[in-house]
Structures are given as structure tokens and as C-alpha cells.
Amino acid sequence: MDKNPLQPEAVLLNAALQAARDLGLDTQLEQREPKRAAARAGAVVRIGRRGKGQQYVAEVRRLLRPANLGATLHQLDLQAAVHDMPGLLVADYINQDMADALRKQGRAFLDAAGNAYIEQPNVLIWATGRKPVAKTEAPQAGRAFQPTGLQVLFALLCHPEWVTLPYRELAARAGVAHGTVGWVMPDLQRQGFVADLKGKRGTRRLFEGERLLALWADAYARQLRPRTLMGRYYVPALAGWEEWPLGQYGAQWGGEPAGALLTNYLTPGELTLYADKLPGPLAARYRFAKEADMGHKAVVEVRHRFWHFPEDEMAAPCVPPVLVYADLLATGDARCIETAKRLYEDHVARLVRQV
């Protein structure tokens with residue numbers, strides 16, 4: 001019996017490379033799981049034809065969905081920049097809509113079903129419409145990446161120094177039960193994200209912040225974000241949204257409007273606000289409607305504010321940048337992903353690169 005069986009991601013990578021060979025491409029796995037600085041790639045592969053080809057740094061992702069596509073692409077971009085080579089997205093299955101979006105952005109991809117987009121000098125592979133050959137099991141990411149665990153991780157990513165807080169205080173700020181922190185911390189220690197410096201008690205800190213953020217953003221989009229939606233409403237127009245006095249109603253901007261305010265780059269296509277409950281007076285003032293009609297076509301999402309940070313942060317115009325970043329990526333929209341990249345460099349990177 002093989003004492004060192006391949007991990008599911010390695011099996012997936014092998015299957016995708018075989019599917020590429022079936023399309024007439026030459027493939028070679030040159031390095032598995034290369035590490036450089038904080039970036040971790042799934043592999044470095046060479047793909048081409050007739051002795052000529054291109055090196056790619058690959059991001060291997062099981063259960064790729066529109067909700068976590070943005071987080072996956074940003075992680076791939078970070079790896080590509082660090083390793084100084086183009087990125088290759090490898091997945092179990094990429095549906096037609098995602099394939100079209102990836103090709104439009106010029107992003108190379110392969111999946112295990114045989115769908116692919118590879119463009120090089122004298123090489124063009126564009127194959128879509130092939131169905132997945134088998135159902136993929138969800139990756140086991142540990143209890144820390146379950147919904148309430150993700151709330152704890154959110155608090156730690158926003159404030160890495162809180163890793164030293166008593167469990168009860170951290171739980172209160174994350175909006176979870178005390179016992180939740182009690183099982184999240186050991187799981188983070190097991191995965192190498194939390195440890196005591198030189199084994200000394202009282203010196204606990206976070207490690208590998210960039211990788212932790214990438215995993216959190218992916219899991220957040222799939223597991224926690226859908227639970228935060230309290231309602232989707234329609235208003236007559238988005239013009240003048242910057243003047244909405246959210247603070248008077250205990251609410252904060254998130255998503256696209258927060259991205260616009262923090263980067264001065266994006267024009268929101270819809271509005272997202274976070275609050276403890278639907279701010280009724282605000283909804284009445286701006287004529288929220290539950291159904292779209294001729295006079296109500298602009299979208300406003302109201303999401304639950306699940307955290308309990310210090311008062312000055314809860315009164316800020318926008319939710320924490322880590323959440324804005326994740327929400328923008330979760331849209332899967334190219335302009336939102338670009339805004340998320342800018343937000344990452346300006347507001348988020350300093351938090352995760354210090355750990």
C-alpha cells in the first residue's frame with residue numbers, strides 16, 4: 001500500500017494535465033507546491049506543443065464556484081507576481097459562464113473534464129461544454145473554516161493582535177459563543193496559523209497571514225456570506241448614495257459602495273449596507289421596495305453585521321476593509337475584482353503581511 005498517497009489537489013492536477021494531453025497539448029509537471037516568500041502555488045507546470053511551451057504557476061482549486069472565483073483569481077495573481085510567470089487556473093470543473101469570463105480576461109485554465117483555454121504563440125486551445133466526470137467532494141478545511149469559525153478568523157484578520165485576548169473577550173468581538181473560540185484556536189494551531197513564540201506561553205501570535213486570508217475569503221464566500229443576507233431591496237435610483245446618512249441609522253457601507261469610498265476607483269452597480277437589523281426609517285426615507293418595478297430598479301442589499309468591534313469601528317462609514325475585500329471578490333465581477341486588488345494593496349496587505 002502507498003504510504004504517501006497523493007493529496008486530492010495533486011490527483012486533480014494530474015487529471016487536468018491528462019485532459020490537456022488528450023487535447024493534443026504537451027504537459028510537464030516541473031515542481032509541486034513551490035514556496036517563495038508568503039506565496040504558495042499548487043505547482044509549476046509547462047504546457048505547449050511540439051517542443052515549445054510556456055511555464056505557468058498553477059492554482060489548483062476543488063469546487064470552484066462563481067462565489068469563490070474572485071478570491072481564487074486574486075490568489076493566483078499574487079502567486080504569478082511572486083513567481084514571475086503567468087498563472088494557470090486548474091479546477092475539477094469550470095462551467096460555460098465561468099469559462100467565457102476567464103477567456104474574456106485572458107486567463108489560462110484547465111479542468112479535469114477537458115475544458116480549457118490556453119493561448120500561446122501558434123497555440124490556441126478553447127474547449128468548453130464538457131461535463132464533469134465525477135462528483136467532487138468538498139475539501140476538508142478544518143473546523144476553523146466553518147461559519148462561526150470564519151467569524152473568529154475575521155476578527156483576527158482585522159486585528160491580528162487580538163490573538164492574545166482571553167477567549168471570552170475574543171468571542172464577544174467575533175459575535176460567537178465562548179466555546180467556539182475554544183475549538184477554533186486548537187484547529188488554527190494544528191494548521192500552523194497560530195503558535196507561541198519559541199513555545200513560551202503568553203507569546204501567541206498569528207502566522208502566514210496572507211495564506212490565511214486567501215483561505216478565509218474563499219470559505220467566507222461559500223459558507224458565511226450567504227447567511228448574512230437579510231434582504232434584497234429596490235430603490236428608485238442610486239444617484240446620491242454618498243449622502244445617505246447611514247450612521248444615523250446604525251448602518252455601514254459594505255461591498256461596492258465601500259470599495260468606491262476606500263479606493264476612489266469603482267462606481268457602484270448596486271449598494272450593500274450592513275446593520276444589526278433592517279433600519280426601518282432609512283428604508284422608508286429612501287423608499288425601499290421588496291419587488292422591482294418601473295420606479296424601483298436599483299438594488300440595495302442589507303446584510304447582517306455579525307461582529308462586535310470597538311465603538312469607533314462600528315460607527316465608521318464603512319465595514320472593515322477585510323470584509324469589503326472579500327465581498328468584492330465574491331461578486332465575480334471583473335471591475336469589482338480589480339477594485340479588491342487595489343483595496344488589498346492599500347488597506348489589507350499591511351494587516352496580513354505583518355504576521
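Derivation of every value follows stated rules applied to the coordinates shown; laboratory data play no part. For clarity, every value in this text was computed on a predicted model and none was experimentally measured. Heads up, the Cβs are rebuilt from the backbone with ideal geometry, glycines too, and the neighbour counts pull from every protein chain shown.
Largest GNM mean-square fluctuation across L165, L78, L213, computed for the chain with C-alpha springs under 10 Å, falls on L165. Ratio of Rg to Rh for the range 194-265: 1.15 [Cα atoms; Kirkwood radius as inverse mean 1/r over pairs].
Kirkwood radius and radius of gyration were both taken over the C-alpha atoms of the chain, and their ratio Rg/Rh is 1.00.
Among residues other than Y325 with Cβ under 13 Å from its Cβ, the summed charge is -3 (Lys and Arg +1, Asp and Glu -1).
Counting 0.36 nm for each residue step from D293 to Y167 and taking away their Cα separation leaves a gain of 40.5 nm. Counted residue by residue at 0.36 nm each, then reduced by the alpha carbon distance between them, the extension gain from D84 to D196 reaches 37.0 nm.
Calculated FRET efficiency, Q31 to R335, Cβ-Cβ distance, R0 = 30 Å: about 0.35 to the nearest 0.05. Beta bridges from DSSP with both residues in the range 8-127: antiparallel share about 70 percent, rounded to the nearest 5.
In a DSSP loop and with at most 15 other Cβ atoms within 10 Å, the chymotrypsin sites (Phe, Trp or Tyr not before Pro) in the range 247-281 are Y265.
Could you tally the net charge around G114, taking each other residue with its Cβ under 13 Å from the Cβ of G114, Lys/Arg +1 and Asp/Glu -1? With Lys, Arg at +1 and Asp, Glu at -1, the net is 0.
In terms of Cα atoms, the Rg and Dmax of the range 8-127 work out to 12.9, 38 Å. Sequence-distant contacts, meaning Cα pairs under 8 Å at least 6 residues apart, place the relative contact order of the range 8-127 at 25 percent. Placing dummy labels 7 Å off each Cα toward the beta-carbon, the span from T267 to D346 is 1.8 nm. Note down the relative contact order for the range 140-355 as a percent, whole number, built from C-alpha pairs under 8 angstrom at least six residues apart. That works out to 25 percent.
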